[in-house]
Each structure stands twice: as structure tokens, then as C-alpha cells.
């Protein structure tokens, strides 16, 4: 499998902790991100072909040219967008100093967990390989080739065995969760084992001194808080009388510790949970999503709102940390967010989604 440490050997700066070189380059790259007016223009484009013509004059041009020789359609545009993101991430990782590389790759580990869970769900549902690729985002150590190989194996057991053969760090939680999966046929055991492993592994790696590690811990802690809050809200829709809710708790959050988590999980309904969270950093976001929840009766509304909040907070790191790791973290998250928005627009064009609906799906910052 791919390894960020191997990629790091090709870095263009000497080892150390000086952030000036990398941050100067990243500021230049950030200036080329698409602004909201440009996204609006793409949303208003009559079809995918016109959107491609507009994007050809941007940073995505070379990737589109390379991919669209196979045909100008939404699927190939999607591939080009993901290729551009992967190439950009590799470029940034290539000129980060030792300290930044260590911190950034630790935070990017969440995408490895996301991709593994996506593949496991697909195998559990017996989806075809081409149905899996659309849901993957190779932003961590597992690159496109790795993810394609994992997507091509036969079943959940084969994913676990392949991870073990490759020597992935996630092998232990995969095996742990798979044992329970064989008993219950429920993927939650594997997904929870992966989430807990990453939370604990990343927390250990970021337990070092200095302002940059502190900033990275803050990002991680918010990610963990979001995960715990989403779990609490999901439990509100389930019969939890015979469930030990503490089994679903992830350690390392900033606000949602085990005591608050258990208190929230034991509440009678979602309204009570929202009342308890007012006054916390997450209260306003959840309150604003409550109206939409009443209309749709879907926990996904709150999940989306919390993920949006996490994205916005991470993208704001560059302003408060101009000389540290916040610049690179914010840029990578901004790039990923841009690619996600572009993919949404492309899919919207392909299926004839109303422009108003497309705008609702985007995270605009």
C-alpha cells in the first residue's frame, strides 16, 4: 500500500520545523481556489459540457484534459476532480516540514477511516466495484490504487484479510470488529472499532508540546465531539434499553466528555438534547438545523449541520495561525471542500437537479 512516509522522502524542503517556506507556497495556492461567484457561474451552466469549458481555464484544466479523452460525461469529470485533489494533496505533503507533515497526516487519517467504512458498507450490501468508487475520497494514506484494490475484493472478510496482508495500522480494529460482525451481521461493531482506534491513535500522536500540536488537537477534538453528538442523536431514534450507550463513546473530545455523553444519551427526546446543548459551541448550529429536521424527520440534517460547522472552523485556522500548521490544514480542508462542491454541481447537472437544490447541498465559506 501507499505510505505518506515514503512520499515524504521526495519533499523539497529540509527537515525541521520552519513553516515559512510551506506557508508562502500554500498562500499562493489558496489564492487560486474558486470563489463563490465562480461556483455560482458553474451552477448556472446549462449542462456538464459548458461547466467543463469553464473549468478548463482553472487549476482543473490539465486533469480534465487528461481524463475527458475517454468522453465528456459526469463520471469522467468526477474522476478528473478527484485526481486533481489527490495531486494537490501530494504536492502539499511534499513540501511540508517534518513537524507539519506529522500533524497533517495524523488529521488526514480520518479519511482513511471514512474510506474503509465506505468499502465495508458496500461489501456488506454486495455492491459492484464501480458503485463503490463514487463514494470514496482518497485524501489519506490510502491512495486511489489502494482503495480500488480493497474495493475489488470479494466481501467484508476479504477487506479485513487484505488490510492484514498489507500491514495496515487499522488491522487490529478491523479484526476486533469483524469477530462481532460474524455474530450479529451488523457493521456497527467494525465501524465503531475503526472510529475508536483512530480517535485514540490520533490523540496519542498529537499529545506533544507546542502551539501547532495544540491547534491540531483542537481540530481532532472537534471531530470527535461531532462524532459523539451524531451518535447521541442516532440513539434517540433507536430502542436503547438493552444497549450500553457508553460502548459507542469516543474519547478525546473538547466538550462532549463521557458524563455529558451519557446524560445526553439518556434523555427522552431530541428536543431535550437540543435544550441541554444550548450554550455550548454546538448549540446554535443544532438549533438552526432543528426546523429542517422537523420537516424531514431525518438525523442526517443534524449530521450535515455539524459537519458543516467542522469544515468552517477548520477553514478558519489560517486566519488565526499565519505562521503555523493552521495554514496547511485550512488549505487542504478548503481544497477538499471545493472538490466536494464541484462534484455536487456536476452530479446536479447530470440528473437535472434544480439550481436551488444544488446550492442547498454546497458548503459555501
key: Pick from the stretch 235-261, criterion outside any loop (DSSP other than H, G, I, E, B) and either without any contact (Cβ under 8 Å) to a residue 12 or more places away in the chain or under 19 Å from residue 302 (Cα atoms) (or both), ranking: farthest from the chain's Cα centre (by Cα)   = 259
note = Within the stretch 20-54, residues being in contact (Cβ under 8 Å) with a residue 24 or more places away in the chain and either under 20 Å from residue 83 (Cα atoms) or in contact with a strand residue (DSSP E or B) (Cβ under 9 Å, 6 or more places away or on another chain) (or both) number 11
message = Condition check: farther than 15 Å from residue 346 by Cα and either touching a helix residue (DSSP H, G or I) at 6+ places or on another chain (Cβ under 8 Å) or surrounded by 13 or more Cβ atoms within 10 Å (Cβ to Cβ) (or both). Does residue 30 satisfy that?
response = yes
query = Taking residue 327 and the conditions (1) touching a residue at least 40 places away in the same chain (Cβ under 8 Å); (2) on the phi > 0 side of the Ramachandran plot, which numbered condition does it fall short on, given that it satisfies the others?
reply = (2)
Selected residue [modelled with pLDDT of 90 or more and under 22 Å from residue 33 (Cβ atoms)] from 316, 324, 320 = 324
ask   = How about the stretch 184-234: which of its residues are within 14 Å of residue 325 (Cβ to Cβ) and in a helix (DSSP H, G or I)?
value = 205, 211, 212, 213, 214, 215, 216, 217, 218, 219, 220
task = Would you list the helices (runs of 4 or more DSSP H) that sit entirely within the stretch 1-55 and hold 2 or more residues that are modelled with pLDDT of 85 or more and within 26 Å of the chain's Cα centre (by Cα)?
result = 20-30, 36-44, 48-55
task = Could you check, for the stretch 154-168, whether at least one of its residues is under 22 Å from the mean Cα position of the chain (by Cα) and surrounded by fewer than 17 Cβ atoms within 10 Å (Cβ to Cβ)?
result = no
task = Count, please, the residues in the stretch 62-91 that happen to be part of a helix (DSSP H, G or I) and either touching a helix residue (DSSP H, G or I) at 6+ places or on another chain (Cβ under 6 Å) or over 25 Å from residue 147 (Cα atoms) (or both).
result = 16
query = Only one of 102, 60 is closer than 28 Å to residue 352 by Cα, over 17 Å from the mean Cα position of the chain (by Cα) and either free of Cβ contacts under 8 Å to residues at least 24 places away in the same chain or surrounded by 14 or more Cβ atoms within 10 Å (Cβ to Cβ) (or both); which?
reply = 60
Among (1) buried (at least 18 other Cβ atoms within 10 Å of the Cβ); (2) touching a helix residue (DSSP H, G or I) at 6+ places or on another chain (Cβ under 7 Å); (3) closer than 24 Å to residue 274 by Cβ; (4) in contact (Cβ under 8 Å) with a residue 40 or more places away in the chain, the one test that residue 225 misses = (2)
query = Applying the selection to the stretch 112-136, what residues are assigned to a helix (DSSP H, G or I) and surrounded by fewer than 16 Cβ atoms within 10 Å (Cβ to Cβ)?
reply = 129, 130, 131, 134, 135
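The values are calculated or read from the model by the stated rules, or taken from the named source; none is laboratory data. Owing to the predicted nature of the structure, the values given are computational and were not obtained by experimental measurement. Because the Cβ atoms are built from the backbone with ideal geometry, glycine has one as well, and the counts that use them run over all protein chains shown.
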